[in-house]
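Colleague: First the structure, then my questions, so here it is.
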Amino acid sequence: MIRRFVFGEMIETEAILEKPQAEGGAVPFLCVDEEAMTFSYSMEDSDRVYGLGENVRGMNKRGWIYESKCSDNPDHQEDTRALYGAHNFLVVDGKEQFGIFLDYPGILTFDVGYTRRSELKITASDWNLDLYVITGENVKDIVKQFRHLIGRSFVVPMWAFGYGQSRWSYMNEDEVREVANKHRQLGIPLDSVYLDIDYMERYKDFTLNDEAFPEFEKFNEEMKEQNIHLVPIIDAGVKQEEGYSVYEEGLEKGYFCKKEDGTPFVAAVWPGKALFPDMLNKEARDWFGDQYKFLLDQGVEGFWNDMNEPAIFYTEDRLNQVMEQLGEYKGKNLDLNLFWEFKGLVNGLSNNVDDYTKFYHNMNGKKIRHDRVHNLFGYNMTRAAGEAFERLEPDKRILMFSRSSYIGMHRYGGIWMGDNKSWWSHILMNLRMLPSLNMCGFLYTGADLGGFGSDTTEDLVLRWLALGIFTPLMRNHAALGTRVQEAYQFEDVDGFRHIIGLRYKLLPYLYSEYMKAVLRDEMMFRPLAFDYPEDARAVRVEDQLLLGDGLMIAPVYEQNAEGRYVYLPERMKLVRFKKDGSCEEEILEAGDHYVDVALTDVVVFVRPDHLIPLSKGGQCVADVDFEDLQYLSFVENEAVYEYYHDDGYEKDYENPAHMCVIRMEKDGKVCRE
């Protein structure tokens, strides 16, 4: 059951497709304090809290305080409170079971037992929100109801399930060719190469650097002939430059965010001084979405949106103010206090909280200050693209994923998990985000494998890839100035070829589970607690996941580890994929086990009476045979698998011809229905 409660004058987010009728009176389970603008709930010691989408710490969110505030924060650690997305959905699992969603575009604070261990307290910045309370048979049922409420998740083209290689930046055609050629020559599978900001003319959206990419359309076709897709980045800021058509047209039509006095709001991002399209204004959103046509016409079939929290390097007004203040320190003896004041002035330029109160949106003719709707910017930037693709390429799936997001954006694109670091702890953080993002509808997701910032190591990339082969978005991405981390840059090329190649063998299962999760409003990745709620040991496991119906994964995420402990809530079959192409299988009883995992091994666990369809692999998705299948199986009686397969490009998702039932008897006999 879903109940909706309205507080104050709601700013329409359009995140919800079908709204239940609003109710008055008491809110179930929660204490409401309208004066303090809080909702609170008294928790038992055994209560667990799941959700909040993209965030730090464990799958169980108890013990920390989180902010729902889309933030450009590449240095996130355990003390981080906000990341790139705002995902205001959580489920309490304990003495009562219920879900809470706050449809609220401003900043929220979720104190999940941080101030007081026994109290969950949610605090809003102002009192203009819709609250949804969801009850059901169990956690999975509550999530399913919520997912049905917010609408179907975005579906990517099949090629977007292939391995992608990215770096800030491949500077010209020859560098991209080298990446493509090295993968093909060494037999390392590849489906896409990502173009970061340097493919543009001086960081201007919807332009091309003609010196680096003189015949981009022809070059794009050259790559496609090798089954490699080029995926360019699009940034949120439009460069302020006379003669630049996107800037001049947007300025003429009033499509950029403005200051209170009606003049353009100018802030700096990649190109320097830039203006932000008013993504909350429908006309401006349609106009910005239509700009993608420039690259669609060049043959591009996928994009990633960046810097759309929106990130701000500095504003013109604040920079002038700080430059004036810095002069006051000239010639002074900077002691401890003065030095930190001086340093704080410069550090405070970027993403300054006060700057987000200085510009406004035009929402249906009403002027709204940005900080009240901050979390909707990235969502609506990606929505602009998604709606434009339906107009411009109605019969084709176009890849789209974003850095910033709000619940509802999952209908228009996926997300990557932001600018992480080449830290071992971020492998575990990546794993723990997967189910909470699935809860919020984000199924096409993954992290920057190997880490974006900092210098990586060979063993770190191998271990991260051994998790990344299971995530729908599988992309190796690194920052400018860091150690190169393409698979062929390391000593053990055979190990990289083996692990990345395994992704292509897993594709029949991964794509099938992804599409079933899309069509049935379910989760592709789940904590063990969701399927084994009565198992006290299982509910405490924070570093293993169920993947679809039949698999459990338990990646290694510690430096120099030669294996790890794994908890099995029931009897399972361990399957070990080795670098030499062999596959070892072993039945393990329920309980705790230490499992050896060599650096280039991939280990999975098959649940009883389940089977996992596999292909023979390929160098790209187009090579993969989804019909001539092999199977991983653990059959004690009979295994039945619902196998979804379509052509990966058309949009007749619900065609019953795409689904068949595969049965395997105990003797290994297989039949398809």
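The values are calculated or read from the model by the stated rules, or taken from the named source; none is laboratory data. What you see is a predicted model, and the numbers here were worked out from it, not measured in a lab. Quick reminder, even Gly has a Cβ in these numbers, built from the backbone with ideal geometry, and neighbours come from all protein chains shown. For accessibility, only protein heavy atoms count, side chains too; no ligands or nucleic acids. Shrake-Rupley method; radii C 1.70, N 1.55, O 1.52, S 1.80 Å.
Colleague: Does the stretch 486-496 hold any residues that are in contact (Cβ under 8 Å) with a residue 60 or more places away in the chain and either under 23 Å from the mean Cα position of the chain (by Cα) or farther than 20 Å from PHE577 by Cβ (or both), and which are they?
Modeller: Result: GLU486, ALA487, TYR488.
Colleague: Go through the stretch 347-365 and give me each residue that's part of a helix (DSSP H, G or I), in contact with a strand residue (DSSP E or B) (Cβ under 7 Å, 6 or more places away or on another chain) and among the hydroxyl-bearing types (Ser, Thr, Tyr). Full working, then the answer.
Modeller: Taking the stretch 347-365 as the starting set, the residues that turn out to be part of a helix (DSSP H, G or I) are 347, 353-357.
Subsequent filtering for residues that are in contact with a strand residue (DSSP E or B) (Cβ under 7 Å, 6 or more places away or on another chain) retains 355, 357.
Correct list: THR357 only.
Colleague: Mind checking whether some residue in the stretch 197-216 is touching a strand residue (DSSP E or B) at 6+ places or on another chain (Cβ under 9 Å), of a type outside the set (Val, Ile, Thr) and closer than 22 Å to VAL621 by Cα?
Modeller: Within the stretch 197-216, not a single residue is touching a strand residue (DSSP E or B) at 6+ places or on another chain (Cβ under 9 Å), of a type outside the set (Val, Ile, Thr) and closer than 22 Å to VAL621 by Cα.
Colleague: Name the residue that is nearest to the chain's Cα centre (by Cα), counting only residues in the stretch 430-445 that are surrounded by fewer than 24 Cβ atoms within 10 Å (Cβ to Cβ) and under 17 Å from ALA466 (Cβ atoms).
Modeller: Only one residue fits best here, namely ASN430.
Colleague: Test ALA82 against the criterion of being surrounded by fewer than 24 Cβ atoms within 10 Å (Cβ to Cβ), modelled with pLDDT of 95 or more and of a type outside the set (Asp, Glu), and give yes or no. First the steps, then the outcome.
Modeller: On the way: surrounded by fewer than 24 Cβ atoms within 10 Å (Cβ to Cβ): yes; modelled with pLDDT of 95 or more: yes; of a type outside the set (Asp, Glu): yes.
Yes.
Colleague: Which condition number does PHE101 fail, the rest of (1) closer than 17 Å to MET433 by Cα; (2) touching a helix residue (DSSP H, G or I) at 6+ places or on another chain (Cβ under 7 Å) being met?
Modeller: The single condition PHE101 does not satisfy is (1).
Colleague: Related question: Would the stretch 588-603 turn up any residue that is in contact with a helix residue (DSSP H, G or I) (Cβ under 9 Å, 6 or more places away or on another chain), under 30 Å from GLN185 (Cβ atoms) and open to solvent by 60 Å² or more (accessible area, probe 1.4 Å)?
Modeller: yes
Colleague: Then there is this: Which condition number in (1) closer than 30 Å to GLY618 by Cβ; (2) under 29 Å from the mean Cα position of the chain (by Cα); (3) surrounded by fewer than 16 Cβ atoms within 10 Å (Cβ to Cβ) is the one that PHE294 fails?
Modeller: Among (1) closer than 30 Å to GLY618 by Cβ; (2) under 29 Å from the mean Cα position of the chain (by Cα); (3) surrounded by fewer than 16 Cβ atoms within 10 Å (Cβ to Cβ), the lone unmet condition for PHE294 is (1).
Colleague: Another question, then. Among what's in the stretch 206-245 and is assigned to a helix (DSSP H, G or I) and over 28 Å from the mean Cα position of the chain (by Cα), pick the residue that is farthest from VAL176 (Cα to Cα). Don't jump to the end; show me each part of the working.
Modeller: Going through the stretch 206-245, the residues assigned to a helix (DSSP H, G or I) turn out to be 216-224, 245.
With over 28 Å from the mean Cα position of the chain (by Cα) added as a condition, the list becomes 216-219, 221-222, 245.
Numbers: PHE216: 12, GLU217: 14, LYS218: 14, PHE219: 10, GLU221: 13, GLU222: 11, SER245: 28 Å.
Per the stated criteria, the residue is SER245.
Colleague: Taking the condition more than 22 Å from ASP531 (Cα to Cα), modelled with pLDDT of 95 or more and aliphatic (A, V, I, L, M), does ALA639 pass?
Modeller: Working: more than 22 Å from ASP531 (Cα to Cα): no; modelled with pLDDT of 95 or more: yes; aliphatic (A, V, I, L, M): yes.
It is false that ALA639 is more than 22 Å from ASP531 (Cα to Cα), modelled with pLDDT of 95 or more and aliphatic (A, V, I, L, M).
Colleague: Whether any residue in the stretch 468-485 is surrounded by fewer than 24 Cβ atoms within 10 Å (Cβ to Cβ), β-branched (Val, Ile, Thr) and out of contact with any Leu (no Cβ under 8 Å at 6 or more places or on another chain) is what I want to check.
Modeller: Checking the stretch 468-485: at least one residue is surrounded by fewer than 24 Cβ atoms within 10 Å (Cβ to Cβ), β-branched (Val, Ile, Thr) and out of contact with any Leu (no Cβ under 8 Å at 6 or more places or on another chain).
Colleague: Here is a follow-up. Would you mind finding the one in GLY331, GLY344 that is among the small types (Gly, Ala, Ser), surrounded by fewer than 18 Cβ atoms within 10 Å (Cβ to Cβ) and part of a loop (DSSP other than H, G, I, E, B)?
Modeller: Numbers: GLY344 fails: part of a loop (DSSP other than H, G, I, E, B).
None of the others qualify; the one that does is GLY331.
Colleague: Anything in the stretch 351-365 that is loosely packed, with under 14 Cβ neighbours inside 10 Å and over 20 Å from MET381 (Cβ atoms)? List them, or say none. Full working, then the answer.
Modeller: Step one: list which residues in the stretch 351-365 are loosely packed, with under 14 Cβ neighbours inside 10 Å, which gives 353-354, 364-365.
Hits for the stretch 351-365 are VAL353, ASP354, GLY365.
Colleague: Is it fair to say ALA180 is free of Cβ contacts under 8 Å to residues at least 60 places away in the same chain, within 24 Å of GLY468 (Cβ to Cβ) and of a type in the set (Gly, Ala, Ser)? So that I can check it myself, show each step before the final result.
Modeller: Details: free of Cβ contacts under 8 Å to residues at least 60 places away in the same chain: yes; within 24 Å of GLY468 (Cβ to Cβ): yes; of a type in the set (Gly, Ala, Ser): yes.
Yes.
Colleague: Could you please give the count of residues in the stretch 647-669 that are charged (D, E, K, R) and under 18 Å from GLY548 (Cα atoms)? Give the derivation first.
Modeller: To start, the set of residues in the stretch 647-669 that are charged (D, E, K, R) comprises 647, 650-652, 654, 663, 665-667, 669.
The next check asks that each one be under 18 Å from GLY548 (Cα atoms); those that pass are 663.
Total satisfying the criteria: 1.
Colleague: Report, by residue number, each residue of the stretch 52-79 that is in contact with a Pro (Cβ under 9 Å, 6 or more places away or on another chain) and either at pLDDT below 95 or farther than 20 Å from THR382 by Cβ (or both). Full working, then the answer.
Modeller: So in the stretch 52-79, the residues in contact with a Pro (Cβ under 9 Å, 6 or more places away or on another chain) come out as 59-60, 70, 72.
Within the stretch 52-79, MET59, ASN60 meet the criteria.
Colleague: I'd like the full set of residues that are under 23 Å from VAL133 (Cβ atoms) and among the β-branched types (Val, Ile, Thr), limited to the stretch 52-89.
Modeller: Passing the criteria: only ILE65.
Colleague: Scan the stretch 160-202 for residues that are open to solvent by less than 60 Å² (accessible area, probe 1.4 Å) and part of a loop (DSSP other than H, G, I, E, B) and report the count.
Modeller: Selection size over the stretch 160-202: 14.
Colleague: Turning to a different aspect of this structure: Being touching a residue at least 60 places away in the same chain (Cβ under 8 Å) and within 23 Å of the chain's Cα centre (by Cα) is the filter here, so list the residues in the stretch 468-484 that pass it.
Modeller: Answer for the stretch 468-484, where residues must be touching a residue at least 60 places away in the same chain (Cβ under 8 Å) and within 23 Å of the chain's Cα centre (by Cα): ILE469, PHE470, PRO472, LEU473, MET474, ARG475, ASN476, HIS477, ALA478, ALA479, LEU480, THR482.
Colleague: Separate question: Kindly indicate which of ASP455, ASP521, ASP459 is surrounded by fewer than 24 Cβ atoms within 10 Å (Cβ to Cβ) and free of Cβ contacts under 8 Å to residues at least 60 places away in the same chain.
Modeller: Values: ASP521 fails: free of Cβ contacts under 8 Å to residues at least 60 places away in the same chain; ASP459 fails: free of Cβ contacts under 8 Å to residues at least 60 places away in the same chain.
After ruling out the rest, the residue left standing is ASP455.
Colleague: So, one more: When the residues of the stretch 1-56 are filtered to those that are among the hydroxyl-bearing types (Ser, Thr, Tyr) and more than 14 Å from ASP111 (Cα to Cα), which remaining residue is most open to solvent (accessible area, probe 1.4 Å)? If you could, list the steps in order and put the result at the bottom.
Modeller: Step one: filter the stretch 1-56 for residues among the hydroxyl-bearing types (Ser, Thr, Tyr), giving 13, 38, 40-42, 46, 50.
Checking which are more than 14 Å from ASP111 (Cα to Cα) leaves us with 13, 46.
Working: THR13: 4, SER46: 80 Å².
Top of the filtered list is SER46.
Colleague: Can you tell me which residue within the stretch 377-398, out of those that are closer than 25 Å to ASN88 by Cα and out of contact with any Lys or Arg (no Cβ under 9 Å at 6 or more places or on another chain), is surrounded by the most Cβ atoms within 10 Å (Cβ to Cβ)?
Modeller: Step one: of the stretch 377-398, the residues closer than 25 Å to ASN88 by Cα are 377-387.
Retained after the next criterion (residues that are out of contact with any Lys or Arg (no Cβ under 9 Å at 6 or more places or on another chain)): 377, 379, 382, 385.
Values: PHE377: 26, TYR379: 30, THR382: 32, ALA385: 24.
Out of the qualifying residues, it is THR382.
Colleague: Also, quick follow-up: Condition (residue is at pLDDT 95 or above and either over 15 Å from the mean Cα position of the chain (by Cα) or under 25 Å from LEU611 (Cα atoms) (or both)) applied to the stretch 399-420: is it met by at least one residue? Break it down into steps so the answer makes sense when it comes.
Modeller: As a first pass, look at the stretch 399-420 and keep what is at pLDDT 95 or above: 399-420.
When the remaining residues are screened for being either over 15 Å from the mean Cα position of the chain (by Cα) or under 25 Å from LEU611 (Cα atoms) (or both), the result is none.
The answer is no; no qualifying residue exists.
Colleague: Of all residues being in a strand (DSSP E or B) and in contact with a helix residue (DSSP H, G or I) (Cβ under 6 Å, 6 or more places away or on another chain) in the stretch 297-315, which is surrounded by the most Cβ atoms within 10 Å (Cβ to Cβ)? Just the residue, please.
Modeller: Quick first cut of the stretch 297-315, residues in a strand (DSSP E or B) only: 302-306, 314-315.
The next check asks that each one be in contact with a helix residue (DSSP H, G or I) (Cβ under 6 Å, 6 or more places away or on another chain); those that pass are 305, 315.
Numbers: ASN305: 24, THR315: 22.
The selected residue is ASN305.
Colleague: For the stretch 249-285, which residues satisfy the criterion of being open to solvent by 40 Å² or more (accessible area, probe 1.4 Å), touching a Lys or Arg at 6+ places or on another chain (Cβ under 9 Å) and outside any loop (DSSP other than H, G, I, E, B)?
Modeller: LYS258, PRO264, LYS273, GLU283
Colleague: Moving on. Identify, by number, the condition in (1) closer than 27 Å to ARG475 by Cβ; (2) open to solvent by 10 Å² or more (accessible area, probe 1.4 Å); (3) aliphatic (A, V, I, L, M) that VAL575 doesn't meet.
Modeller: Going through (1) closer than 27 Å to ARG475 by Cβ; (2) open to solvent by 10 Å² or more (accessible area, probe 1.4 Å); (3) aliphatic (A, V, I, L, M) one by one, VAL575 breaks only (2).
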